[in-house]
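Notes for the one structure printed next.
The values are calculated or read from the model by the stated rules, or taken from the named source; none is laboratory data. Only a predicted model underlies this, so the values are computations on that prediction, with no experimental measurement involved. In this analysis, Cβ positions are derived from the backbone assuming ideal geometry, glycine residues included, and neighbour counts consider all displayed protein chains.
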Amino acid sequence: MNEHLSTTVQSLKDQYGAEVSEFRSEVSLVVPAEQIVAVCRTLRDEFSFEVLSAQTAVDYWPEQEPRFHMIYLFYSLAHNVRIRLRVPLNGNAPSLSTIEGVYPNANWHEREIWDMFGIRFEGHSDLRRILMPEDWEGHPLRKDYPLGYEEVQFTFNYDEIDARKPYAKE
Amino acid sequence: MFEKTEVTLDELRHLVSERAMEGETVLLNMGPQHPSTHGVLRLLLELDGETVINCIPDIGFLHTGIEKNMEVKSYEKAEVMTDRLDYLNTVGNNLVYCLAVEKLVELDVPMRAQVIRVILTELQRIASHLVWLGTHALDLAAMSVFLYCFREREMILDILEMCGGQRMMTTYIRPGGLWRDVPVEFEEAVRQFLKVFPARIDEYEALLTKNPLFLERTTKIGVLSREDAIRWGVTGPSLRASGVGHDLRKAQPYSGYEQYDFLVPTHTEGDTYARYVVRMEEMRQSVRIVQQALDKLPFGPVRSNNRKFVPPPRSELSTSMEALIHHFKLWTEGFDAPKGSVYVAVESPRGELGVYLEGNGGPKPYRVYWRTPSFVNLQILPLLSKGHLVADLVALIGTIDIVLGDVDR
């Protein structure tokens with residue numbers, strides 16, 4: 001592990017109790033959802049991870065605790081290292097705070113995650129659907145959202161099919 | 001049955017200025033069917049006269065659910081979806097996906113395959129920049145550049161067709177190497193291209209670089225400061241034109257890029273002209289890389305010999321029982337990848353193209369996430385366009401170099 005990366009990991013472990021795991025020499029830290037904004041601010045200001053490369057989520061349905069993992073990928077231009085944060089989220093309609101205030105480009109990433117996974121971001125400035133149409137129902141990248149073999153809904157049988165469609169109806 | 005709902009102005013209140021609510025400024029819809037939006041991008045503009053006050057991009061018209069589709073295919077079969085993301089950088093998309101799979105299952109790639117991968121991705125980078133240059137100049141009313149650019153792009157597409165049988169959607173790079181070796185005419189065709197192309201770049205530059213009309217339309221237009229570029233996660237030529245010499249081919253080399261001698265062009269101005277200069281120089285550097293790679297192209301196999309992940313050659317099927325078993329197993333069920341996740345990023349013509357791949361022990365990817373450069377870079381359009389004229393907005397869409405297949409996935 002790179003020297004800068006190990007100091008970062010050690011410090012986050014001490015400060016926030018993050019759990020560290022390493023797979024194929026990529027470092028992941030599991031941090032609790034309540035502290036995500038503070039962790040991001042620490043990463044950016046103290047350890048010069050200036051860039052939020054990507055932000056996404058994974059659905060572990062049918063597990064409920066945690067059902068989702070939020071994934072943040074950071075990159076440090078100054079030290080040329082990557083670090084990954086994972087935030088476990090429980091239940092079918094989770095929410096956590098936005099990190100838009102720290103990394104402005106989280107705006108669209110979070111809109112996409114809301115659109116695709118139905119995870120809400122508190123304090124987000126513009127939480128609308130981004131890829132799917134505004135009136136779309138369901139969140140396509142959830143594992144309980146069907147792909148293919150779907151009955152075609154016409155106006156006369158829409159409600160009948162909708163009632164037995166296996167997506168999360170919140 | 002749900003009712004079709006329209007987005008009202010009230011719901012967009014937080015995105016437009018107070019004056020729009022009073023009716024003092026005009027809200028104008030641009031696209032999605034507009035020739036200068038390079039695909040199906042819709043922009044909602046708030047205008048004061050001809051000046052853009054706010055620009056609200058609306059994307060998703062080309063959303064095809066590629067990430068969802070990949071989850072139900074085996075690792076090898078899912079690869080055909082990757083070409084359809086960024087249809088101007090198909091080889092690069094294949095490359096990053098294969099690198100991710102190879103990292104996840106720890107698969108080695110023969111030397112010859114790596115060098116051919118580099119040659120093809122660099123040729124693809126040139127082809128992508130040529131499409132950018134042609135359409136960007138066309139947006140700024142320089143018609144002839146477009147025709148010349150597509151002439152040279154055709155040479156590259158011919159080379160790709162020679163290798164993979166397809167001009168664009170090649171799926172030529174496979175996990176563990178390549179689909180097959182390149183044909184014998186390949187080297188001659190690439191050398192022919194390398195011979196004519198540097199002079200052709202000079203021709204484009206003669207048409208544009210000192211052209212007063214072009215300069216008028218590009219200098220001081222859409223200035224992106226170094227700090228903003230980093231804050232917004234911008235990558236690729238747009239970041240380098242703002243004075244950050246970051247290139248993943250240098251910073252985190254893959255496929256043996258550390259062996260080639262090339263420069264990372266940067267510029268400090270951060271305007272549309274700077275991005276033009278950087279991309280033109282990148283084409284020259286790509287030519288240098290292809291030249292070096294072709295000179296050292298080693299002989300040898302182009303696919304890994306690891307039969308647990310790479311199907312055996314067809315010639316073995318009639319003589320070896322193990323080969324037949326492996327062939328059957330790999331093409332029906334596919335190979336299992338361990339539980340774990342990897343993130344691999346390469347430098348695409350547009351910036352950092354990354355794939356986050358998560359396996360769960362089975363033969364299908366549990367989650368594939370595409371970090372596409374166009375999606376991230378497009379976010380700065382509202383920032384760049386503030387205070388510019390509508391005519392300059394056309395130049396700005398061109399200079400960010402978005403591909404809507406890449407944005408919407």
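Give me the pairs, please: first residue somewhere in the stretch B:189-202 and within 15 Å of B:GLN292 (Cβ to Cβ), second residue anywhere and among the hydroxyl-bearing types (Ser, Thr, Tyr) and surrounded by fewer than 19 Cβ atoms within 10 Å (Cβ to Cβ), beta-carbon distance under 6 Å, and either six or more positions apart or on two chains.
Once the first residue is within 15 Å of B:GLN292 (Cβ to Cβ) and sits in the stretch B:189-202, no partner that is among the hydroxyl-bearing types (Ser, Thr, Tyr) and surrounded by fewer than 19 Cβ atoms within 10 Å (Cβ to Cβ) comes close enough.
Among the residues of the stretch B:51-85, write down those that are more than 14 Å from chain A (Cβ to nearest Cβ) and more than 25 Å from B:ARG303 (Cα to Cα). Quick ask: steps written out before the conclusion?
Residues of the stretch B:51-85 more than 14 Å from chain A (Cβ to nearest Cβ): B:51-53, B:74-77, B:79-80, B:82-84.
Result: B:THR51, B:VAL52, B:ILE53.
Would you be able to tell me the number of residues in the stretch B:232-246 that are among the charged types (D, E, K, R) and either in contact with a Cys (Cβ under 6 Å, 6 or more places away or on another chain) or modelled with pLDDT under 90 (or both)?
First, pick out the residues of the stretch B:232-246 that are among the charged types (D, E, K, R): B:240.
Filter again for either in contact with a Cys (Cβ under 6 Å, 6 or more places away or on another chain) or modelled with pLDDT under 90 (or both), leaving none.
Within the stretch B:232-246, residues that are among the charged types (D, E, K, R) and either in contact with a Cys (Cβ under 6 Å, 6 or more places away or on another chain) or modelled with pLDDT under 90 (or both) number 0.
Which of the residues spanning the stretch B:207-229 are closer than 14 Å to B:LEU396 by Cα and hydroxyl-bearing (Ser, Thr, Tyr)?
Of everything in the stretch B:207-229, those that are closer than 14 Å to B:LEU396 by Cα and hydroxyl-bearing (Ser, Thr, Tyr) turn out to be B:THR218, B:THR219.
Quick one: would you say A:LEU85 is within 25 Å of B:LEU12 (Cβ to Cβ), surrounded by 15 or more Cβ atoms within 10 Å (Cβ to Cβ) and more than 9 Å from chain B (Cβ to nearest Cβ)? I'd like the intermediate steps shown before the answer.
On the way: within 25 Å of B:LEU12 (Cβ to Cβ): no; surrounded by 15 or more Cβ atoms within 10 Å (Cβ to Cβ): yes; more than 9 Å from chain B (Cβ to nearest Cβ): yes.
For A:LEU85, the condition - within 25 Å of B:LEU12 (Cβ to Cβ), surrounded by 15 or more Cβ atoms within 10 Å (Cβ to Cβ) and more than 9 Å from chain B (Cβ to nearest Cβ) - is not met.
Taking the stretch B:171-229, which residues are outside any helix (DSSP H, G or I) and among the polar types (S, T, N, Q)?
B:THR171, B:THR209, B:ASN211, B:THR219, B:SER225
Among B:GLU333, B:GLU347, B:GLU322, B:GLU281, which is the only one that is acidic (Asp, Glu) and buried (at least 19 other Cβ atoms within 10 Å of the Cβ)? Before the answer, list the steps.
Numbers: B:GLU333 fails: buried (at least 19 other Cβ atoms within 10 Å of the Cβ); B:GLU322 fails: buried (at least 19 other Cβ atoms within 10 Å of the Cβ); B:GLU281 fails: buried (at least 19 other Cβ atoms within 10 Å of the Cβ).
Selected residue: B:GLU347, the only one of B:GLU333, B:GLU347, B:GLU322, B:GLU281 that is acidic (Asp, Glu) and buried (at least 19 other Cβ atoms within 10 Å of the Cβ).
Which number in (1) surrounded by fewer than 18 Cβ atoms within 10 Å (Cβ to Cβ); (2) modelled with pLDDT of 90 or more marks the one condition that B:ARG167 misses?
(2)
Suppose we keep only residues that are within 16 Å of the chain's Cα centre (by Cα) and among the hydroxyl-bearing types (Ser, Thr, Tyr) within the stretch B:357-382. Which one would you say is nearest to the other protein chains (Cβ to nearest Cβ)?
Taking the stretch B:357-382 first, the residues within 16 Å of the chain's Cα centre (by Cα) are B:369-378.
In the following step, the residues that additionally are among the hydroxyl-bearing types (Ser, Thr, Tyr) were identified as B:369, B:372, B:374.
On the way: B:TYR369: 4, B:THR372: 9, B:SER374: 11 Å.
Here the answer is B:TYR369.
Collect the residues in the stretch B:379-409 that are closer than 19 Å to B:GLY92 by Cβ and in contact with a helix residue (DSSP H, G or I) (Cβ under 6 Å, 6 or more places away or on another chain), keeping them in residue-number order.
Step one: of the stretch B:379-409, the residues closer than 19 Å to B:GLY92 by Cβ are B:400-409.
The answer is B:ILE400, B:ASP401, B:ILE402, B:VAL403, B:ASP406, B:VAL407, B:ARG409.
Could you say whether any residue in the stretch A:30-37 is within 13 Å of chain B (Cβ to nearest Cβ), under 17 Å from the mean Cα position of the chain (by Cα) and at negative phi? Give the derivation first.
Narrowing the stretch A:30-37 to residues within 13 Å of chain B (Cβ to nearest Cβ): A:30.
Cutting the leftovers down to under 17 Å from the mean Cα position of the chain (by Cα) gives us A:30.
Those still in the list that are at negative phi too: A:30.
Yes; the residues of the stretch A:30-37 include at least one that is within 13 Å of chain B (Cβ to nearest Cβ), under 17 Å from the mean Cα position of the chain (by Cα) and at negative phi.
Could you figure out which of (1) modelled with pLDDT under 90; (2) farther than 19 Å from A:SER125 by Cα isn't true of B:LEU9?
All conditions pass for B:LEU9, except number (2).
For the structure I just gave you, tell me whether A:TYR60 is facing chain B (nearest Cβ under 10 Å), within 13 Å of the chain's Cα centre (by Cα) and surrounded by fewer than 19 Cβ atoms within 10 Å (Cβ to Cβ).
Numbers: facing chain B (nearest Cβ under 10 Å): yes; within 13 Å of the chain's Cα centre (by Cα): yes; surrounded by fewer than 19 Cβ atoms within 10 Å (Cβ to Cβ): yes.
Considered against the rule, which asks whether it is facing chain B (nearest Cβ under 10 Å), within 13 Å of the chain's Cα centre (by Cα) and surrounded by fewer than 19 Cβ atoms within 10 Å (Cβ to Cβ), A:TYR60 comes out as yes.
Counting only residues that are without any contact (Cβ under 8 Å) to a residue 40 or more places away in the chain, among the aliphatic types (A, V, I, L, M) and at the interface with chain B (Cβ under 10 Å from one of its Cβ atoms), how many does the stretch A:105-150 have?
4
Kindly list the number of the only condition in (1) more than 24 Å from the chain's Cα centre (by Cα); (2) at pLDDT 90 or above that fails for B:ALA229.
Unmet condition: (1).
Kindly evaluate B:SER385 against the criterion of being more than 14 Å from every other protein chain (Cβ to nearest Cβ) and in contact with a strand residue (DSSP E or B) (Cβ under 6 Å, 6 or more places away or on another chain). Working first, answer last.
Numbers: more than 14 Å from every other protein chain (Cβ to nearest Cβ): yes; in contact with a strand residue (DSSP E or B) (Cβ under 6 Å, 6 or more places away or on another chain): yes.
Yes, satisfied.
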